[in-house]
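Student: First, the structure itself, so that you have it in front of you.
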Amino acid sequence: MSNGLARACANIALVKYWGKRDVALNLPAAGSLSLTLGALTTTTAVRFDASIEADELMLDGRQVATDRLSPWLDLVRKQAGIDHRAQVTSVNDFPTSAGLASSASAYAALAVAASAAAGLELSKVELSALARRGSGSAARSIFGGFAEMGDEFARPLEDPTSWDLRMVIAIAGRSGPKAFSSRDAMEHCAETSPLYKGWLASVPTDLKAARAAVKAHDLEALGAVMQHSALAMHAAALASRPPVRYWRPATLAILDCVEAIDGAYYTMDAGPHVKVLTETANADAVASKLRKVDGVSHVIVSGPGGPAELISAG
Ligand code: PMV
(Lines give C-alpha, C1' and ligand atoms only; values in the text may rest on other atoms or scores of the structure.)
Protein backbone atom coordinates (compact mmCIF):
# COMPACT_ATOMS: atom_id res chain seq x y z
CA MET A 1 0.00 0.00 0.00
CA SER A 2 1.40 3.45 -0.85
CA ASN A 3 -1.58 5.71 -1.61
CA GLY A 4 -4.15 7.20 0.69
CA LEU A 5 -6.94 9.70 0.06
CA ALA A 6 -8.89 11.19 2.98
CA ARG A 7 -11.25 14.00 3.86
CA ALA A 8 -11.64 15.82 7.18
CA CYS A 9 -13.71 18.74 8.42
CA ALA A 10 -12.44 21.77 10.29
CA ASN A 11 -13.59 22.29 13.85
CA ILE A 12 -14.20 25.38 15.91
CA ALA A 13 -13.28 25.32 19.59
CA LEU A 14 -15.99 26.45 22.01
CA VAL A 15 -13.55 26.06 24.90
CA LYS A 16 -10.23 27.13 23.43
CA TYR A 17 -6.86 25.44 23.27
CA TRP A 18 -4.23 28.13 23.81
CA GLY A 19 -0.84 27.06 25.16
CA LYS A 20 1.28 23.92 25.40
CA ARG A 21 2.70 21.91 28.26
CA ASP A 22 5.22 20.23 25.92
CA VAL A 23 6.26 22.01 22.74
CA ALA A 24 8.24 19.10 21.22
CA LEU A 25 5.36 16.63 21.61
CA ASN A 26 2.76 19.32 20.97
CA LEU A 27 0.85 18.45 24.14
CA PRO A 28 -1.71 21.04 25.25
CA ALA A 29 -1.49 22.82 28.60
CA ALA A 30 -5.23 22.22 29.10
CA GLY A 31 -8.17 20.48 27.46
CA SER A 32 -10.50 22.00 24.86
CA LEU A 33 -13.94 21.32 23.40
CA SER A 34 -15.06 21.82 19.82
CA LEU A 35 -17.72 21.41 17.18
CA THR A 36 -16.66 19.85 13.86
CA LEU A 37 -18.10 21.72 10.85
CA GLY A 38 -19.41 20.02 7.73
CA ALA A 39 -19.02 23.03 5.40
CA LEU A 40 -15.25 23.42 5.85
CA THR A 41 -13.37 20.43 4.51
CA THR A 42 -9.89 19.44 3.43
CA THR A 43 -9.27 16.58 1.01
CA THR A 44 -5.75 15.18 0.97
CA ALA A 45 -3.92 12.58 -1.10
CA VAL A 46 -0.64 11.05 0.10
CA ARG A 47 1.67 8.86 -1.96
CA PHE A 48 4.86 7.31 -0.60
CA ASP A 49 7.16 6.35 -3.44
CA ALA A 50 10.80 5.24 -3.73
CA SER A 51 11.22 7.40 -6.83
CA ILE A 52 10.40 10.67 -5.00
CA GLU A 53 13.57 12.48 -3.92
CA ALA A 54 12.14 14.92 -1.40
CA ASP A 55 8.74 15.39 0.23
CA GLU A 56 6.46 17.57 -1.89
CA LEU A 57 3.37 19.49 -0.84
CA MET A 58 0.79 20.99 -3.19
CA LEU A 59 -1.75 23.11 -1.31
CA ASP A 60 -4.72 24.40 -3.30
CA GLY A 61 -2.76 23.92 -6.53
CA ARG A 62 0.42 25.65 -5.34
CA GLN A 63 3.71 24.08 -4.29
CA VAL A 64 4.52 25.07 -0.69
CA ALA A 65 7.39 24.48 1.75
CA THR A 66 7.49 21.19 3.64
CA ASP A 67 9.49 22.30 6.70
CA ARG A 68 6.52 21.70 8.99
CA LEU A 69 5.18 18.68 7.10
CA SER A 70 8.39 16.61 6.70
CA PRO A 71 9.13 16.12 10.44
CA TRP A 72 5.51 15.06 10.86
CA LEU A 73 5.79 12.60 7.92
CA ASP A 74 8.93 11.24 9.64
CA LEU A 75 6.71 10.15 12.55
CA VAL A 76 4.55 8.15 10.14
CA ARG A 77 7.60 6.71 8.33
CA LYS A 78 9.19 5.69 11.62
CA GLN A 79 6.04 4.00 12.89
CA ALA A 80 5.54 2.16 9.57
CA GLY A 81 9.23 1.27 9.14
CA ILE A 82 9.43 2.88 5.70
CA ASP A 83 11.85 5.38 4.26
CA HIS A 84 10.10 6.65 1.12
CA ARG A 85 9.49 10.36 0.56
CA ALA A 86 5.94 11.49 -0.03
CA GLN A 87 3.90 13.51 -2.47
CA VAL A 88 1.06 15.27 -0.67
CA THR A 89 -1.77 17.07 -2.47
CA SER A 90 -4.27 18.95 -0.37
CA VAL A 91 -7.32 21.00 -1.29
CA ASN A 92 -9.35 23.19 1.07
CA ASP A 93 -12.85 24.31 0.23
CA PHE A 94 -12.36 27.48 2.34
CA PRO A 95 -9.64 30.18 2.64
CA THR A 96 -6.36 28.73 3.95
CA SER A 97 -4.64 30.29 6.98
CA ALA A 98 -7.28 32.94 7.56
CA GLY A 99 -8.29 31.85 11.03
CA LEU A 100 -10.72 29.27 9.71
CA ALA A 101 -8.87 26.37 11.32
CA SER A 102 -7.24 25.04 8.16
CA SER A 103 -4.51 23.26 10.15
CA ALA A 104 -7.16 21.24 12.02
CA SER A 105 -8.76 19.72 8.93
CA ALA A 106 -5.34 19.56 7.22
CA TYR A 107 -3.59 17.40 9.80
CA ALA A 108 -6.69 15.29 10.48
CA ALA A 109 -6.98 14.47 6.75
CA LEU A 110 -3.21 13.93 6.59
CA ALA A 111 -3.22 11.54 9.55
CA VAL A 112 -5.90 9.38 7.92
CA ALA A 113 -4.40 9.51 4.39
CA ALA A 114 -0.72 9.14 5.34
CA SER A 115 -1.21 6.34 7.86
CA ALA A 116 -3.25 4.37 5.30
CA ALA A 117 -0.68 5.05 2.56
CA ALA A 118 2.07 3.81 4.88
CA GLY A 119 0.15 0.61 5.59
CA LEU A 120 -0.61 1.47 9.22
CA GLU A 121 -3.95 0.50 10.72
CA LEU A 122 -4.56 3.05 13.44
CA SER A 123 -7.51 3.38 15.81
CA LYS A 124 -9.37 6.71 16.01
CA VAL A 125 -7.55 7.56 19.22
CA GLU A 126 -4.17 6.79 17.60
CA LEU A 127 -5.14 8.91 14.58
CA SER A 128 -6.14 11.73 16.92
CA ALA A 129 -2.76 11.58 18.71
CA LEU A 130 -0.94 11.51 15.35
CA ALA A 131 -2.95 14.49 14.06
CA ARG A 132 -2.09 16.35 17.29
CA ARG A 133 1.62 16.15 16.48
CA GLY A 134 0.88 18.32 13.42
CA SER A 135 -1.60 20.71 15.02
CA GLY A 136 -3.22 20.56 18.45
CA SER A 137 -6.69 21.39 17.16
CA ALA A 138 -6.43 18.64 14.49
CA ALA A 139 -6.75 15.96 17.17
CA ARG A 140 -10.41 17.03 17.53
CA SER A 141 -11.17 16.91 13.78
CA ILE A 142 -10.76 13.12 13.71
CA PHE A 143 -14.22 13.05 15.30
CA GLY A 144 -17.53 14.43 14.10
CA GLY A 145 -19.85 16.63 16.15
CA PHE A 146 -18.70 17.74 19.57
CA ALA A 147 -15.25 16.51 20.60
CA GLU A 148 -13.18 17.06 23.70
CA MET A 149 -9.41 17.14 23.68
CA GLY A 150 -7.77 15.59 26.73
CA ASP A 151 -4.00 15.48 26.88
CA GLU A 152 -2.70 13.24 24.09
CA PHE A 153 -5.84 12.78 22.03
CA ALA A 154 -9.47 13.84 21.68
CA ARG A 155 -12.66 11.86 22.20
CA PRO A 156 -16.14 12.32 20.71
CA LEU A 157 -18.74 13.85 23.02
CA GLU A 158 -21.99 13.89 21.12
CA ASP A 159 -23.37 12.56 17.84
CA PRO A 160 -23.37 15.40 15.24
CA THR A 161 -26.98 14.75 14.30
CA SER A 162 -28.33 14.82 17.85
CA TRP A 163 -28.60 18.61 18.24
CA ASP A 164 -29.92 20.87 15.49
CA LEU A 165 -27.31 23.62 15.46
CA ARG A 166 -25.57 25.82 12.92
CA MET A 167 -22.33 27.77 13.00
CA VAL A 168 -22.64 31.02 11.06
CA ILE A 169 -19.18 32.29 10.10
CA ALA A 170 -18.75 35.99 9.38
CA ILE A 171 -15.57 36.76 7.44
CA ALA A 172 -14.30 40.11 8.73
CA GLY A 173 -12.74 42.00 5.85
CA ARG A 174 -10.58 40.51 3.18
CA SER A 175 -9.49 36.97 3.86
CA GLY A 176 -5.79 36.34 3.64
CA PRO A 177 -2.92 35.06 5.74
CA LYS A 178 -3.12 36.11 9.37
CA ALA A 179 -0.45 38.18 11.08
CA PHE A 180 0.55 35.61 13.71
CA SER A 181 0.12 31.86 13.40
CA SER A 182 -1.72 30.33 16.35
CA ARG A 183 1.31 28.14 16.99
CA ASP A 184 3.71 31.10 17.39
CA ALA A 185 1.18 33.32 19.12
CA MET A 186 0.23 30.88 21.86
CA GLU A 187 3.88 30.27 22.76
CA HIS A 188 4.59 33.99 22.74
CA CYS A 189 1.53 34.55 24.94
CA ALA A 190 2.59 31.82 27.41
CA GLU A 191 6.04 33.40 27.66
CA THR A 192 5.12 37.08 27.89
CA SER A 193 1.49 37.63 28.93
CA PRO A 194 0.81 38.26 32.63
CA LEU A 195 -2.75 37.03 31.94
CA TYR A 196 -1.72 33.62 30.56
CA LYS A 197 -1.78 31.89 33.96
CA GLY A 198 -5.24 33.26 34.71
CA TRP A 199 -6.46 32.10 31.32
CA LEU A 200 -5.13 28.59 31.92
CA ALA A 201 -6.65 28.42 35.39
CA SER A 202 -10.07 29.25 33.92
CA VAL A 203 -10.14 26.37 31.42
CA PRO A 204 -11.19 23.42 33.68
CA THR A 205 -14.26 25.33 34.93
CA ASP A 206 -15.24 26.27 31.37
CA LEU A 207 -14.74 22.69 30.18
CA LYS A 208 -16.95 21.30 32.91
CA ALA A 209 -19.71 23.80 32.15
CA ALA A 210 -19.44 23.24 28.37
CA ARG A 211 -19.56 19.45 28.77
CA ALA A 212 -22.72 19.73 30.91
CA ALA A 213 -24.31 22.21 28.48
CA VAL A 214 -23.65 19.92 25.50
CA LYS A 215 -25.12 16.96 27.36
CA ALA A 216 -28.24 18.95 28.29
CA HIS A 217 -28.52 20.63 24.85
CA ASP A 218 -28.56 23.93 26.74
CA LEU A 219 -27.55 26.52 24.13
CA GLU A 220 -27.75 29.48 26.50
CA ALA A 221 -25.32 27.86 28.95
CA LEU A 222 -23.01 26.71 26.14
CA GLY A 223 -23.14 30.19 24.61
CA ALA A 224 -22.10 31.86 27.85
CA VAL A 225 -19.11 29.51 28.22
CA MET A 226 -17.96 29.78 24.60
CA GLN A 227 -18.03 33.59 24.69
CA HIS A 228 -16.13 33.61 27.98
CA SER A 229 -13.50 31.19 26.71
CA ALA A 230 -12.90 33.18 23.51
CA LEU A 231 -12.70 36.52 25.33
CA ALA A 232 -10.36 35.12 28.00
CA MET A 233 -8.06 33.67 25.32
CA HIS A 234 -7.99 36.93 23.37
CA ALA A 235 -7.47 38.94 26.58
CA ALA A 236 -4.40 36.85 27.40
CA ALA A 237 -3.15 37.27 23.82
CA LEU A 238 -3.75 41.05 23.88
CA ALA A 239 -1.65 41.36 27.05
CA SER A 240 1.38 39.68 25.42
CA ARG A 241 4.48 41.80 24.79
CA PRO A 242 4.43 42.79 21.95
CA PRO A 243 0.64 42.35 21.82
CA VAL A 244 -1.16 39.78 19.70
CA ARG A 245 -4.31 41.40 18.39
CA TYR A 246 -6.39 39.56 15.82
CA TRP A 247 -9.45 41.80 15.90
CA ARG A 248 -10.30 44.29 13.19
CA PRO A 249 -13.02 46.97 13.43
CA ALA A 250 -15.40 44.56 11.70
CA THR A 251 -14.75 41.98 14.42
CA LEU A 252 -16.13 44.33 17.08
CA ALA A 253 -19.03 45.37 14.86
CA ILE A 254 -19.97 41.69 14.50
CA LEU A 255 -19.81 41.18 18.29
CA ASP A 256 -22.20 44.14 18.74
CA CYS A 257 -24.56 42.63 16.19
CA VAL A 258 -24.49 39.14 17.78
CA GLU A 259 -25.03 40.47 21.29
CA ALA A 260 -28.29 42.03 20.08
CA ILE A 261 -29.63 38.71 18.72
CA ASP A 262 -31.40 36.27 21.07
CA GLY A 263 -30.04 32.72 20.97
CA ALA A 264 -26.80 33.55 19.07
CA TYR A 265 -23.33 33.23 20.63
CA TYR A 266 -19.88 34.09 19.29
CA THR A 267 -16.36 32.78 19.33
CA MET A 268 -13.14 33.93 17.60
CA ASP A 269 -9.89 32.11 16.86
CA ALA A 270 -6.45 33.25 15.73
CA GLY A 271 -7.93 35.60 13.16
CA PRO A 272 -10.46 38.44 12.85
CA HIS A 273 -13.47 36.36 11.81
CA VAL A 274 -16.38 35.57 14.12
CA LYS A 275 -18.16 32.23 14.36
CA VAL A 276 -21.71 32.34 15.69
CA LEU A 277 -23.50 29.34 17.18
CA THR A 278 -27.26 29.27 16.92
CA GLU A 279 -30.18 26.88 16.41
CA THR A 280 -30.83 25.88 12.80
CA ALA A 281 -34.22 27.63 12.77
CA ASN A 282 -32.42 30.90 13.60
CA ALA A 283 -29.43 30.49 11.24
CA ASP A 284 -30.77 32.26 8.13
CA ALA A 285 -31.91 35.29 10.14
CA VAL A 286 -28.49 35.47 11.88
CA ALA A 287 -26.69 35.14 8.54
CA SER A 288 -28.67 37.95 6.92
CA LYS A 289 -28.02 40.27 9.89
CA LEU A 290 -24.29 39.49 9.76
CA ARG A 291 -24.15 40.16 5.99
CA LYS A 292 -25.28 43.73 6.70
CA VAL A 293 -22.50 44.45 9.22
CA ASP A 294 -19.88 46.93 7.95
CA GLY A 295 -16.71 45.13 6.90
CA VAL A 296 -18.23 41.66 6.59
CA SER A 297 -17.23 40.34 3.19
CA HIS A 298 -18.72 36.90 3.31
CA VAL A 299 -20.91 34.65 5.48
CA ILE A 300 -20.73 30.84 5.58
CA VAL A 301 -23.41 28.74 7.30
CA SER A 302 -22.32 25.29 8.42
CA GLY A 303 -23.96 22.38 10.14
CA PRO A 304 -22.04 19.91 12.28
CA GLY A 305 -19.62 17.72 10.34
CA GLY A 306 -18.81 14.04 10.54
CA PRO A 307 -15.53 12.32 11.40
CA ALA A 308 -12.41 12.32 9.24
CA GLU A 309 -12.73 9.52 6.69
CA LEU A 310 -10.58 7.45 4.40
CA ILE A 311 -11.91 7.72 0.84
CA SER A 312 -9.54 5.23 -0.75
CA ALA A 313 -6.24 3.46 -0.19
CA GLY A 314 -4.16 1.17 -2.33
O1 PMV B 1 -4.06 23.75 16.27
P2 PMV B 1 -3.34 25.05 16.36
O3 PMV B 1 -1.93 24.88 16.81
O4 PMV B 1 -3.47 25.83 15.10
O5 PMV B 1 -4.09 25.94 17.49
C6 PMV B 1 -5.45 26.29 17.43
C7 PMV B 1 -5.73 27.46 18.30
C8 PMV B 1 -7.13 28.03 18.23
O9 PMV B 1 -7.73 27.80 16.98
C10 PMV B 1 -7.06 29.55 18.45
C11 PMV B 1 -8.03 27.48 19.34
C12 PMV B 1 -8.52 26.07 19.16
O13 PMV B 1 -8.74 25.41 20.19
O14 PMV B 1 -8.73 25.62 18.01
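Student: If you check every pair at least six apart or on different chains, which have Cβ atoms under 8 Å apart with a residue in the stretch 32-45 that is in the same structural domain as Gln87 (by TED's automatic domain parsing) first and a residue that is within 11 Å of the ligand (Cβ to nearest atom) and at pLDDT below 95 second?
Tutor: Here the result reads Leu40/Leu100; Leu40/Ala101; Thr42/Ser102, each pair linking the stretch 32-45 to a residue that is within 11 Å of the ligand (Cβ to nearest atom) and at pLDDT below 95.
Student: Sticking with this one: Quick one: Asp60 ticks every box in (1) out of contact with any Ser or Thr (no Cβ under 8 Å at 6 or more places or on another chain); (2) over 19 Å from Arg133 (Cβ atoms) bar one, so which box is it?
Tutor: (1)
Student: Count, please, the residues in the stretch 262-311 that happen to be closer than 22 Å to Arg140 by Cα and polar (S, T, N, Q).
Tutor: Residues flagged as closer than 22 Å to Arg140 by Cα and polar (S, T, N, Q) within the stretch 262-311 amount to 3.
Student: Follow-up question, since we're still on this one. Of all residues in the stretch 52-88 being β-branched (Val, Ile, Thr) and touching a residue at least 40 places away in the same chain (Cβ under 8 Å), which is farthest from Thr42 (Cα to Cα)?
Tutor: Only one residue tops the list, namely Val76.
Student: Do any residues in the stretch 101-117 that are assigned by TED's automatic domain parsing to the domain that holds Ala154 have Cβ atoms under 6 Å from those of residues that are within 11 Å of the ligand (Cβ to nearest atom) and of a type outside the set (Gly, Ala, Ser), where the two are at least six apart or on different chains, and which pairs are they?
Tutor: So the pair list comes out as Ala104/Asn11.
Student: Still on this model: From the set of residues in the stretch 16-35 that are more than 20 Å from His188 (Cα to Cα) and more than 8 Å from the ligand (Cβ to nearest atom), which is surrounded by the most Cβ atoms within 10 Å (Cβ to Cβ)?
Tutor: Step by step, filter the stretch 16-35, then rank; the result is Leu35.
Student: Now a separate question. Kindly indicate whether Ala235 is hydrophobic (A, V, I, L, M, F, W, C) and either modelled with pLDDT of 95 or more or out of contact with any Phe, Trp or Tyr (no Cβ under 7 Å at 6 or more places or on another chain) (or both).
Tutor: yes
Student: Looking for something surrounded by fewer than 23 Cβ atoms within 10 Å (Cβ to Cβ), within 26 Å of Val214 (Cα to Cα) and not aliphatic (A, V, I, L, M) - is there at least one such residue anywhere in the stretch 131-138?
Tutor: no
Student: Hey, among Gly173, Gly119, Gly145, which residue is surrounded by 20 or more Cβ atoms within 10 Å (Cβ to Cβ) and at positive phi?
Tutor: Gly145
Student: Of all the residues that make up the stretch 150-176, how many are within 15 Å of the ligand (Cβ to nearest atom), of a type outside the set (D, E, K, R) and more than 22 Å from Ala253 (Cβ to Cβ)?
Tutor: 4
Student: Also, quick follow-up: Tell me, please, whether a residue that is of a type in the set (Phe, Trp, Tyr), under 22 Å from Gly38 (Cβ atoms) and within 15 Å of the ligand (Cβ to nearest atom) can be found in the stretch 134-145.
Tutor: Among the residues of the stretch 134-145, at least one is of a type in the set (Phe, Trp, Tyr), under 22 Å from Gly38 (Cβ atoms) and within 15 Å of the ligand (Cβ to nearest atom), which makes the answer yes.
The values are calculated or read from the model by the stated rules, or taken from the named source; none is laboratory data. It should be emphasised that the depicted structure is a prediction, and the values quoted were computed from it without experimental measurement. Positions of Cβ are backbone-derived with ideal geometry, glycine not excepted, and every protein chain shown enters the neighbour counts.
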